[in-house]
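The values are calculated or read from the model by the stated rules, or taken from the named source; none is laboratory data. These figures come from a predicted structure and were not determined experimentally. Note that each Cβ is placed from the backbone with ideal geometry, even for glycine, and that neighbours are counted across all protein chains shown. Areas reflect the complete protein model, heavy atoms only, side chains present, ligands, DNA and RNA absent. Shrake-Rupley method; radii C 1.70, N 1.55, O 1.52, S 1.80 Å.
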There are 2 protein chains.
Amino acid sequence: MATTPTDPDLGSVLGKAVAVLHAFTVDDHELSLAALVERTGLPKTSVYRIAGDLVRYRLLDRTALGYRLSGGLFELGMRASVERSLLELAMPYLQDLYERTHETVHLGVREGREVVYVAKIAGRGQAASPSRTGGRMPLHCTAIGKVLLAWADDDLRRDVLTGPLERRTPHTIVAPGRVAQQLDAAIEAGVAFEREESALGLQCVAAPVLDADDRPIAAISVTGPVGRFRPEQHVDAVRAAAQGLGTLVARRRSLH
Amino acid sequence: MATTPTDPDLGSVLGKAVAVLHAFTVDDHELSLAALVERTGLPKTSVYRIAGDLVRYRLLDRTALGYRLSGGLFELGMRASVERSLLELAMPYLQDLYERTHETVHLGVREGREVVYVAKIAGRGQAASPSRTGGRMPLHCTAIGKVLLAWADDDLRRDVLTGPLERRTPHTIVAPGRVAQQLDAAIEAGVAFEREESALGLQCVAAPVLDADDRPIAAISVTGPVGRFRPEQHVDAVRAAAQGLGTLVARRRSLH
DNA sequence: GGGGATCGTTCCACTCACCGGTACGCTCCT
DNA sequence: AGGAGCGTACCGGTGAGTGGAACGATCCCC
């Protein structure tokens, strides 16, 4: 059941422990022992023992209802070098961008065939975008994803376009040809757009953060609600932020 | 050597794996096998095998120089419920506070006898504060720490004050009596101050985020360089942000 | 250019930590 | 009262994990 992203080797303690950790998602942050058993498919006793150990090692917390990922794990995750260096370098630019636009700002990197959001600035009373820091989204239906894909190796582009393109909304572009068109247009324009393709009611512009070799390290986007928000108005601001961060990153000789 | 915070039971794979993960710090984000062996005190072969497994499970990445904490760990950490819920609720307030002051803004929670920073907004060209998201600081020498300690149970306050108070700068207050004085003053004033007690050249004001039962969930602070920056000027802004967040959190029936 | 130090990797036989079925006690339901 | 669902505890068998020893590859200094 419910194969975790990193479908681990269940023959080792470590594998089982990782499976338990991966059973938690952004939405289900609190799971009972029974729920963990169901999600991992592991024997109850094993989950019981392992979860207990994880609590002992401060990777899980006990709660009235069961277990949840602990603050220790948060600390550990914040030490992940690439994401954290990027985040620290990027914050001032994201900050400026938000202040200039007062719209939701994202920073994302590519992980496999998906976008992982490394930072999100959503001010008060914004149209709620479903993205979350640390969350994932498909590459083909988000502005950040398109940017990351457009500047990526041809291999990856081909790989993604030949695979299934998940439909998220009625506006999601699922025809490989049309996605390819958009990727080309993105390179041409230096930015990519998204119009209600990942979530209804939201539009988006994104620009790539390129290193010294013009490889895409990350992407920055501005998101707003259809109607008041016109992504074209923010092209220059996003591009400026992404380029600023890019040159800063390049100066640091790739993200160490 | 170098006992990790959660000095783990080294008799189990899991314990060893956790020890390996904890060997990485914010500063040493990239460690060779030999370095891991030295820091964990584990046999070389064991570290080799376990690190390999951790790479397989996407908790570590291989690099030219050795290993580092992976993006997968970042994602996992971002799912830690308390920190992430708090972070999402707090961001708009931190955002506003930064825009109002244009000084470095922190959000911190207490973990044991230390502060853990959950969020940091450091604008361009600020005096670099040594804090980092996910990093720790002692309670007695930071504004956030004083706030968290002042509103905490008497048990904790006694516990911390009777323990050794680490000196961080010439200005660090290490006399238990004087710290206690400041805690009382903090409750009186609704905010706590710090004047170069954790890092030279920096001053700070912090206010508590209280839940419905007046228990401190977290604290918010504004930090700036001595000279231009006068913490007293920002008392109202910090207090407003913290209270706003507090009522929001209280409405959600404690952080689930 | 050879010898020594350092580092990552492979091999292997022992053994103990892990395994998971079974059973128990508790709290809600019906 | 009975039954379902859950968390906890017990326990003997066994294979995953163990770590010492030995190997090859770099690098650097004499």
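The condition of being in the same structural domain as B:A242 (by TED's automatic domain parsing), closer than 14 Å to B:T142 by Cβ and either open to solvent by less than 50 Å² (accessible area, probe 1.4 Å) or assigned to a helix (DSSP H, G or I) (or both) holds for only one of B:A185, B:A199, B:A180, that being B:A199. Sub-8 Å Cβ pairs linking a first residue in region A:23-39 that is in the same structural domain as A:R62 (by TED's automatic domain parsing) and polar (S, T, N, Q) to a second residue that is more than 16 Å from DNA strand C (Cβ to nearest atom) and not in a helix (DSSP H, G or I), at least 6 apart or interchain, are A:T25/B:R79; A:S32/A:Y67, ordered by first then second residue. Could you tell me whether A:V115 is part of a strand (DSSP E or B), modelled with pLDDT of 95 or more and under 18 Å from A:Q203 (Cα atoms)? Judged against the criteria, A:V115 is a match. Entry remark, region A:137-165: residues being in contact with a Pro (Cβ under 9 Å, 6 or more places away or on another chain) and in a strand (DSSP E or B) number 1 in total.
Selection of region B:20-67 for residues being surrounded by 22 or more Cβ atoms within 10 Å (Cβ to Cβ), in a helix (DSSP H, G or I) and either near DNA strand C (Cβ under 9 Å from one of its atoms) or more than 9 Å from chain A (Cβ to nearest Cβ) (or both) yields B:V20, B:L36, B:T40, B:V47, B:A51. Residues in region A:124-148 that are within 13 Å of A:E197 (Cβ to Cβ) and away from every other protein chain (no Cβ under 14 Å): A:P138, A:L139, A:H140, A:C141, A:T142, A:A143, A:I144, A:G145, A:K146. Within region A:94-105, identify whether any single residue is outside any strand (DSSP E or B) and of a type in the set (A, V, I, L, M, F, W, C), and answer yes or no. Yes, region A:94-105 contains at least one residue that is outside any strand (DSSP E or B) and of a type in the set (A, V, I, L, M, F, W, C). Checking the structure you have, find out if any residue of region A:6-16 is more than 13 Å from DNA strand C (Cβ to nearest atom) and at pLDDT 90 or above. No: region A:6-16 contains no residue that is more than 13 Å from DNA strand C (Cβ to nearest atom) and at pLDDT 90 or above.
Taking the criterion of being in contact with a strand residue (DSSP E or B) (Cβ under 9 Å, 6 or more places away or on another chain) and exposed (fewer than 13 other Cβ atoms within 10 Å of the Cβ), the residues of region A:228-246 that qualify are A:R230, A:E232.
Counting only residues that are without any contact (Cβ under 8 Å) to a residue 40 or more places away in the chain and either surrounded by fewer than 19 Cβ atoms within 10 Å (Cβ to Cβ) or within 16 Å of DNA strand C (Cβ to nearest atom) (or both), how many does region B:71-101 have? So the count comes out to 2.
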